[in-house]
1. Going through region 74-103 one residue at a time, which ones are under 14 Å from the mean Cα position of the chain (by Cα) and farther than 14 Å from Asn114 by Cα?
2. Got at least one residue in region 1-19 being over 17 Å from Leu106 (Cα atoms), of a type in the set (A, V, I, L, M) and either surrounded by 17 or more Cβ atoms within 10 Å (Cβ to Cβ) or modelled with pLDDT under 95 (or both)?
3. Residues that are within 14 Å of the ligand (Cβ to nearest atom), in contact (Cβ under 8 Å) with a residue 24 or more places away in the chain and crowded, with 17+ Cβ neighbours inside 10 Å: find the strands (runs of 3 or more DSSP E) completely inside region 21-139 holding 3 or more of those.
4. Out of region 8-20, which residues are within 14 Å of the ligand (Cβ to nearest atom), of a type in the set (Val, Ile, Thr) and part of a helix (DSSP H, G or I)?
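The values are calculated or read from the model by the stated rules, or taken from the named source; none is laboratory data. Since the structure is predicted, the reported quantities are computational estimates derived from the model, not experimental observations. So basically every Cβ, Gly included, is an ideal-geometry build from the backbone, and we count neighbours across all protein chains shown.
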Amino acid sequence: MAGKQTFTMIKPSTFSANHTGAILKMINEAGFTLKAMKITKLSAEQAGAFYEVHKERPFYADLVQFMSSGPIVAAVLEKENAVEDYRKLIGATNPANAAEGTIRKLFAINLQENAVHGSDSDENAIIESDFFFSKTERF
Ligand code: CMP
């Protein structure tokens, strides 16, 4: 299903602030269908593995600590052109640069606590979805 699916996570501070319902509403209203979803909590090891591509970056240790600090919502979303369209819906990684009306503009606290993660390529959408979901957890 390359090209039609993307992966998202609602980050710990956004989940604990009770923004999950509002974000899922925006996702559905933008035309995405939920294919899989769960609330879970990452261990530091799991968060480190998920963000391994950023291992050499100065923010990696803080990011791993934050992403393992509380529950997150993980989901697989489906729509034509899913990766690109979802990145438009969430806005720029740094919320200071996020467009009006985007998820990050509305709900992000700062660059790290930027409300949600969204896959940056079809290849990573598959890797990230497989990280969280087995075949029997997808619909
Ligand atoms: P995310 O889309 O989850 O992917 C990597 C995360 O690293 C990013 O969102 C931010 O939460 C975090 N991060 C912290 N500092 C930076 C930075 N300088 N550049 C990019 N990402 C950063």
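1. Answer for region 74-103, where residues must be under 14 Å from the mean Cα position of the chain (by Cα) and farther than 14 Å from Asn114 by Cα: Ala74, Ala75, Val76, Leu77, Glu78, Ala82, Val83, Glu84, Asp85, Tyr86, Lys88.
2. Step one: list which residues in region 1-19 are over 17 Å from Leu106 (Cα atoms), which gives 1-7.
Narrowing further to those that are of a type in the set (A, V, I, L, M): 1-2.
Filter once more, keeping what is either surrounded by 17 or more Cβ atoms within 10 Å (Cβ to Cβ) or modelled with pLDDT under 95 (or both): 1-2.
Yes.
3. Of the strands (runs of 3 or more DSSP E) lying wholly inside region 21-139, those with at least 3 residues that are within 14 Å of the ligand (Cβ to nearest atom), in contact (Cβ under 8 Å) with a residue 24 or more places away in the chain and crowded, with 17+ Cβ neighbours inside 10 Å span 72-78, 116-118.
4. Thr14
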